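The structure appears right after this line, and notes come after that.
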Amino acid sequence: MSNEIKRIAVFTSGGDAPGMNAAVRAVVRTAAFNDLHVYGIARGYEGMIDGDLKRLEVRDVGNIMHRGGTVLKTARSKRFMTPEGRKQAYESLLAFDIDACVAIGGNGTFTGAKVFTTEYDIPIIGVPGTIDNDLYGTDATIGFDTAINTAIQAVDKIRDTADSHNRLFFVEVMGRNSGFIALNTGIGSGAGCILIPEIDSKIEELVDLLRKGARRKKLFSVVIVAEGNKYGGAAEIAKQVQESFDHYDTKVAIIGHLQRGGSPSALDRVLASRLGFGAVEAILAGKSQCRVGIINYKIKYTPFQVAITKNKHPNKDLVRMAEILAI
Ligand code: F6P
């Protein structure tokens, strides 16, 4: 198949993640090195439907590695969920003679790619880009490391004021369906408790834990709450805890989209470069309909069908360790 591939397109889709630009740069440069022409599609599937494609040369992706967000822009496309939208998208790819695509995004992106590639004959290689780190087939996703670094820095600052006032802080981090950000932020910031969607932590258990802490003369505490936590976000949990536990002055901080921005960390830059490189190498090797990932430092490819149906969960040993270290 590699002989037939002359032009590829690259796009970013879903929530942006720091490091996506490094992946775009790696795709463009690896492709150029192999004499392929590359087109950048603006705003993910939206731009594909609208035919918003632009040639990207080697120098067009210079000086973007250190920038957060995505220079290609991104979107969540409702139109691509319809057969008409996908037909229009395929026609755009035909109009630009695109032979294969690299899609950088999260599970929504690859669910769309899976449907698209069963309807139309176009090879797509996925690159895992989301701060949530909730994608199967890779140890880490692009943006996760930067996001937890940002969240940990924020919690460090909150600790200073929590300590000064003997306050109980509930800090909400992102993770609509997963607790990777919360768990790692909690461990890295030395939080007193971490609430994640994957573990059913009852309010009574949290109150009990805080009571024990108070008995051990713990004068302040920080609880990290994943936004997708079963019993509510930080504000809701704080309200419920306050009702039955008034030892502390309780405050809530929501880190929100701060976690999605900023210059990517070293780990994310290297990860994104490897994944972008691996995506183009996969196209050249004739692979298609799969997602590139890194497992135990090695590049691995997982078919879309498996990648989008299997879940990756936070390591239970880490959860247990976090609880022990918080005593
Ligand atoms: O990028 C993933 C994520 O950050 C989730 O954790 C969060 O729920 C969601 O995106 C919010 O994204 P948006 O504000 O773009 O809808």
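The values are calculated or read from the model by the stated rules, or taken from the named source; none is laboratory data. None of these values were measured; they are calculated from a predicted model. Glycine also receives a Cβ, built like all others from the backbone with ideal geometry; neighbour counts cover every protein chain displayed. For accessibility, only protein heavy atoms count, side chains too; no ligands or nucleic acids. Shrake-Rupley method; radii C 1.70, N 1.55, O 1.52, S 1.80 Å.
How much solvent-accessible surface does K157 expose, in Å² to the nearest 10, with a 1.4 Å probe and all protein chains in place?
The accessible area of K157 comes to roughly 140 Å².
Taking the Cα centre of the chain as the origin and placing charges on Cβ (Lys, Arg +1; Asp, Glu -1), which of V155, V61, V102 is farthest toward the positive end of the dipole?
Comparing the listed Cα positions along the dipole, V155 ranks first.
I'd like to check one number: the per residue accessible area of region 146-261, probe 1.4 Å, reported in Å² as a whole number. Don't jump to the answer; show the numbers that get you there.
On the way: 5360 Å² over 116 residues.
With the other protein chains kept in place, region 146-261 gives 46 Å² per residue.
Report Rg (one decimal) and Dmax (nearest whole number) for region 146-261, counting Cα atoms only, units Å.
Cα radius of gyration and Dmax of region 146-261 are 12.8, 39 Å respectively.
For C290, what accessible surface area do you get with a 1.4 Å probe? Give it in Å², rounded to 10.
So the heavy atoms of C290 present about 10 Å² to solvent.
Mind putting together the pair-distance distribution for the chain? All Cα pairs, 10 Å bins, whole percent per bin, short to long.
Per 10 Å bin, starting at 0, the Cα pair percentages come out as 6, 27, 29, 18, 13, 6, 1, 0.
Find out how many positive minus negative residues lie around S263, taking Lys and Arg as positive, Asp and Glu as negative, among other residues whose Cβ is under 10 Å from that of S263. Before the final figure, lay out each step's value.
Values: positive: R67, R269; negative: D268.
It works out to a net charge of +1.
State which helices in the chain qualify, where a helix is a whole DSSP H run, it must extend 15 Å or more along its own axis by its Cα atoms, and its mean Kyte-Doolittle hydropathy must be at least 1.0.
On the way: long enough: 20-33 (20 Å, 0.94); 83-95 (18 Å, -0.91); 107-119 (18 Å, -0.22); 144-165 (31 Å, -0.35); 203-215 (18 Å, -0.15); 234-244 (16 Å, -0.42); 266-284 (27 Å, 1.08).
Taking the DSSP H segments of the chain (at least 15 Å long, mean hydropathy at least 1.0), we get 266-284.
What FRET efficiency do you get for S263 and K212 if R0 is 45 Å and r is their Cβ-Cβ distance, rounded to the nearest 0.05? Could the numbers behind the result be given before it?
Details: r = 40 Å, r/R0 = 0.89.
Calculated transfer efficiency: 0.65.
Please give the Cα centre distance for region 219-261 versus region 138-205, rounded to the nearest Å.
Here the two parts' Cα centres lie 10 Å apart.
Could you compute the net charge surrounding V292? Neighbours are other residues with a C-beta less than 14 Å from the C-beta of V292; K and R count +1, D and E count -1. Walk me through the numbers before you get to the answer.
Numbers: positive: R274, K287, R291, K298, K300; negative: D139, E281.
Combined, the nearby Lys, Arg, Asp and Glu give +3.
Just reorder R79, R7 by solvent-accessible area, largest first, 1.4 Å probe, all chains present.
Details: R79 85, R7 60 Å².
Per-residue accessible area, sorted high to low, gives R79, R7.
Most fluctuating residue of E205, E46, E91 in a GNM of the chain with Cα springs under 10 Å: which is it?
Looking only at E205, E46, E91, the largest GNM fluctuation is found for E205.
For q = 0.25, 0.32 Å⁻¹, what log10 I(q)/I(0) does region 17-67 give under the Debye formula with an equal point scatterer on each alpha carbon and no solvent?
Debye output, listed in q order: -0.99, -1.15.
Would you mind checking the pairs K54/K87; K157/K312; K202/K316; K73/K251; K87/K312 and listing those with alpha carbons more than 29 angstrom apart?
On the way: K54/K87 20 Å; K157/K312 31 Å; K202/K316 17 Å; K73/K251 35 Å; K87/K312 32 Å.
Where the Cα-Cα span goes over 29 Å, the pairs concerned are K157/K312; K73/K251; K87/K312.
Highest mean first, how do 133-140, 94-101 rank when packing is the count of other Cβ atoms within 10 Å averaged over residues? Walk me through the numbers on the way to the answer.
Details: 133-140: 21.8, 94-101: 17.5.
The densest-packed peptide leads the list: 133-140, 94-101.
Remind me, relative contact order of region 146-261 in percent, using alpha carbon pairs under 8 angstrom and six or more residues apart? Spell out each step's value before the answer.
On the way: 209 pairs, mean separation 46.3, N = 116.
Once normalised by length, the contact order is 40 percent.
Could you give me the radius of gyration and the Dmax of region 101-189, taking only the C-alpha atoms into account and expressing both in angstrom?
17.6, 62
Find the eigenvalues of the gyration tensor of the Cα atoms of region 2-145, then list the square roots of 5 times those eigenvalues as equivalent ellipsoid semi-axes, largest first, in whole angstrom.
Values: eigenvalues 87, 72, 37 Å².
Those come to 21, 19, 14 Å.
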